[in-house]
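Following: one structure in structure tokens, then a few remarks.
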Amino acid sequence: MSALRSVRMCTVVALRYYAPMPEPYEFDGADIAELLIQIGRLAYAESGEAGLTPTQWMALRYFARANRFSRTVSAFADYHATTRGTVSQTVKTLTERGYLSRRRSESDGRSVRLDLTEKGRDAIAADPLSRLIGLIDALPSDAQQSLAIEISGIASGLSQALDRPAFGPCRRCRFLTNDEQSAHGSAQASCRYLNEPLDAEDLARLCVNYVAASALESRPS
């Protein structure tokens with residue numbers, strides 16, 4: 001073996017076994033913010049078989065998850081962080097294409113409630129966002145909960161800074177109350193803000209009147 005080749009081999013061995021390992025990269029706030037935005041871009045890169053735009057998908061997801069008090073154009077405009085006029089065309093298109101139906105609100109005859117039709121529910125069942133959901137579901141349970149808590153806190157803080165509704169499920173809202181035991185032995189949940197009874201489906205859905213249970217101040221009326 002030549003002297004040159006021997007030196008080269010020794011160098012390779014030294015680099016492989018004795019070279020200092022690079023220090024782990026520490027993400028800062030800008031890195032994490034950009035990652036969140038990039039996840040959003042990738043999640044909306046596929047329109048799905050329905051051929052809906054990202055905004056139309058967002059509207060369908062919102063009306064699929066919102067409770068009966070929040071399935072209105074104005075509530076969706078707040079959720080989408082835009083104006084009512086901007087989202088009205090999206091809602092109109094989805095209604096004309098048969099994904100949404102309109103009905104007068106039971107609690108307020110002046111407002112119109114929007115519900116998913118059977119076609120809308122079929123579209124949600126084939127939501128292209130399911131790929132992202134699958135990746136999150138694959139995380140360990142404790143990692144999922146930690147991620148949810150941190151992201152929820154960031155979303156709540158940003159909503160507060162921008163003076164926008166935070167949105168969240170009734171089961172985590174400070175306005176949730178459990179009334180006296182019913183005749184059947186179970187407590188009846190209700191909303192203290194709207195003075196309305198809540199069923200199990202309501203408790204899991206998004207509400208425009210949501211205020212986190214840990215918030216120090218209640219939402220102004």
- Message: Pairs please, first residue from the stretch 190-211 and of a type in the set (A, V, I, L, M), second anywhere and part of a loop (DSSP other than H, G, I, E, B) and exposed (fewer than 14 other Cβ atoms within 10 Å of the Cβ), Cβ atoms under 9 Å, 6+ apart in sequence or on different chains.
- Response: Leu194/Ser107; Val211/Glu217; Val211/Ser218
- Query: Quick one: how many residues across the stretch 142-167 are loosely packed, with under 11 Cβ neighbours inside 10 Å and under 16 Å from Ile32 (Cβ atoms)?
  - Reply: 1
- Note on the structure: When every residue in the stretch 44-63 that is surrounded by 18 or more Cβ atoms within 10 Å (Cβ to Cβ) and small (Gly, Ala, Ser) is compared, the one modelled with the lowest pLDDT is Ala50
- Item | Residues (part of a strand (DSSP E or B) and among the charged types (D, E, K, R)) located in the stretch 156-179 | Asp179
- Residues in the stretch 106-121 that are within 26 Å of Arg41 (Cβ to Cβ) and assigned to a helix (DSSP H, G or I): how many? 1
- the stretch 64-95, subset among the charged types (D, E, K, R) and either at pLDDT below 90 or surrounded by 14 or more Cβ atoms within 10 Å (Cβ to Cβ) (or both), residue nearest to Ser190 (Cα to Cα): Arg68
- Of the residues in the stretch 96-113 that are of a type in the set (Ser, Thr, Tyr) and farther than 11 Å from Gln56 by Cβ, the one that is modelled with the highest pLDDT is Ser101
- Query: So, of the residues in the stretch 180-221 that are part of a strand (DSSP E or B) and within 23 Å of the chain's Cα centre (by Cα), which turns out to be modelled with the lowest pLDDT?
  - Reply: Ala212
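The values are calculated or read from the model by the stated rules, or taken from the named source; none is laboratory data. The structure presented is a predicted model; accordingly, all values stated were derived computationally and were not measured. Because the Cβ atoms are built from the backbone with ideal geometry, glycine has one as well, and the counts that use them run over all protein chains shown.
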